[in-house]
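K.L.:
If you scroll down you'll find the structure; I have some questions about it.
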Amino acid sequence: MPGNDGSQPIFQQGTIGGVLRYRAFALFVVLASLSIVQAYAFDITTQDGFRILADDGNLEVILGARAHLDVHAFNDDSARPGQLPFGSQVPGSHPDGGFNFRRGYTDITVRFHDLSLKFQNDFAAGTFPGSLREAWVGARVGPGQLTIGQFKPYRGMEELASSNEITLLERPSTSSTGVYAGRQWLMGVGYKGLYAEKVGYAAHVMSMTHFGMPVAGSSIGGRLFWAPLSEEGNTLHLGFSYSMDHSEADSLPAKVVDIYGGRRGVSFSLGTAGSAGSSGGGDQSTFGAEAAYALGPVTLQGEYVSSRLEHTHATGGMPRNSTVQAYYVQASWFATGERSIYSKERGAFGKPRPLRKWGALEFAARYDRAENLNQSLLADPCRTGTSKCQVQIITLGINWYVRKNWRFMLNYYFTDAAIGHASMHAQNRNDTLSAVSFRTQLGF
């Protein structure tokens, strides 16, 4: 697609030229890094990945990769007698079970004095540039870091945790798996920092697009968190975030789509901003609160989100707004005594190195709920024509950390999607899909 000035973009999706340009760009990043390295005396380590570190500490090059191979099995619900089927009750409502190459990341990170850059691509996500995840340059400005490029907006705790370190296979509905559907990586400018090793702050101004799309729409927001206790095995985290997303015709939509039964489960729309009474798009304003406490091998955490969607439906010929409420509570326990590692820079938890030769064993559980509070027989932001629009998910998980960079994950999902009834005398309708997912995870 031509740019705004009529020129062709650097990358064109689905073309040989686009692939060649991607490879040329990746090669440029690598060669530029190596040309800098040649001017320094340096050490090479491979303990936790391939890392080049200059003797004076002013240059660091890190090569990384991750592979997530999933397998799924579903137990679809059956339609009730006398009721119209929905969700997993409808044949073909979600992809079949079986194997799924979920992620195939490669990345390079370079730090040179106060400058840094990162380039990360997911080869399991399709063609370039839609497969691009992070591509940014950063510089130390004042007490924090200024970042320009494509990266994650500064939102909730679980959203900013690495996919290599999340406790369960899928993120909760308070993240891009639900409230920020399809907007995990955006293009723009961000600034973040840490005050007195206890207070983290971040703000972003971004387009509601990623590489390969026209620059359109906007996302403005930020996050503030406080860690009054941050010792290993005794960590308390409190925080909140706010964002205002404005979608346009050529941007990503501002919407909430919850996926239940794992990533290959059923997509359930809880509302799209601007779908009624707006030709170009609409606004979504979201407030989130987060809290976590880690004591020894036990970690408890939860988040609450309230998201206001503009013009999701119409009543009496007038466009109306609606509010989606989502929250989760999660607990995990290392039966082998390890402790979750808290990252002050991200304000999120990571995973430890196993204490025993045969690895570490972790048990986890989460209750997750999302609902459009305005859905009724008169108001229909979810486009179901029913009295309710709600999803509840209970996830049980077991993680075996064979090594620090090698993990097996087993999750069981029990879900309940409720759309209520279509008339005053009709019965409520629910979809109770259950599923099992298993992941083999390798990364460095």
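K.L.:
Return a whole-number percent for the relative contact order of the stretch 64-443, with Cα pairs under 8 Å and 6 or more residues apart as the contact set. Show your work: numbers first, answer last.
P.N.:
Working: 1119 pairs, mean separation 56.0, N = 380.
Relative contact order, the stretch 64-443: 15 percent.
K.L.:
Enumerate the calculated ³J(HN,Hα) couplings along the stretch 69-86 in order (Karplus 6.51 cos²θ - 1.76 cosθ + 1.60, θ = phi - 60°), each rounded to whole Hz, writing x wherever the residue is Gly or Pro.
P.N.:
10, 10, 9, 10, 9, 10, 10, 5, 7, 10, 5, 6, x, x, 10, 6, x, 8
K.L.:
At 0.36 nm per residue, minus the direct Cα-Cα distance, what do Asn405 and Phe438 gain on full extension? Give it in nm, one decimal, please. Before the final figure, lay out the partial values.
P.N.:
On the way: separation 33, 0.36 × 33 = 11.88 nm, distance 1.67 nm.
Length gained, Asn405 through Phe438: 10.2 nm.
K.L.:
OK, next. Apply the Karplus curve 6.51 cos²θ - 1.76 cosθ + 1.60, θ = phi - 60°, to the phi angles in the stretch 422-434 and return the couplings in whole Hz, x for Gly and Pro.
P.N.:
Residue by residue, the stretch 422-434 yields 9, 7, 4, 9, 8, 7, 5, 10, 9, 10, 10, 6, 10 Hz.
K.L.:
Under 5 Å between amide H atoms, partner at least 5 residues away or on a different chain: which partners does Gly350 have, H built in plane at 1.01 Å?
P.N.:
HN-HN under 5 Å from Gly350: Ile341, Tyr342, Ser343.
K.L.:
Now a separate question. With each run of n ≥ 4 DSSP H residues scored as -39500 (n - 2.57), what mean residue ellipticity at 222 nm is computed for the chain after dividing by its residue count and rounding to the nearest 500 deg cm²/dmol?
P.N.:
Values: 2 runs with 26 residues, N = 444.
Here the helix-only value at 222 nm equals -2000 deg cm²/dmol.
K.L.:
Step through the residues of the stretch 395-407 one at a time and calculate ³J(HN,Hα) from phi using the Karplus curve (6.51 cos²θ - 1.76 cosθ + 1.60, θ = phi - 60°), rounding each to whole Hz and writing x for Gly and Pro.
P.N.:
3J(HN,Hα) across the stretch 395-407, in whole Hz: 10, 10, x, 10, 10, 10, 8, 5, 9, 4, 10, 9, 9.
K.L.:
Would you list which aspartates and glutamates come within 18 Å of Lys357, measuring only between C-alpha atoms, while excluding same-chain residues fewer than 8 positions from it?
P.N.:
Asp48, Glu338
K.L.:
To one decimal place, what orientation-averaged projected area in nm² is obtained for the convex hull of the Cα set of the chain? Show your work: numbers first, answer last.
P.N.:
Details: hull surface 93.1 nm².
About 23.3 nm², averaged over all directions.
K.L.:
Next question. Only four residue types carry charge here, +1 at the Cβ of Lys and Arg and -1 at the Cβ of Asp and Glu. Report the dipole size of the stretch 64-443 about the Cα centre in Debye, rounded to the nearest 20. Display every interim value, and only then the final one.
P.N.:
Numbers: 36 positive and 31 negative charges, 174 e Å.
The calculated dipole for the stretch 64-443 is roughly 840 debye.
Computed from the coordinates by the stated procedures, all read-outs in this text should not be read as laboratory data. Given the structure is predicted, the values throughout are model-derived calculations rather than measurements. Every residue, glycine among them, receives a Cβ derived from its backbone with ideal geometry; neighbour counts consider all protein chains shown.
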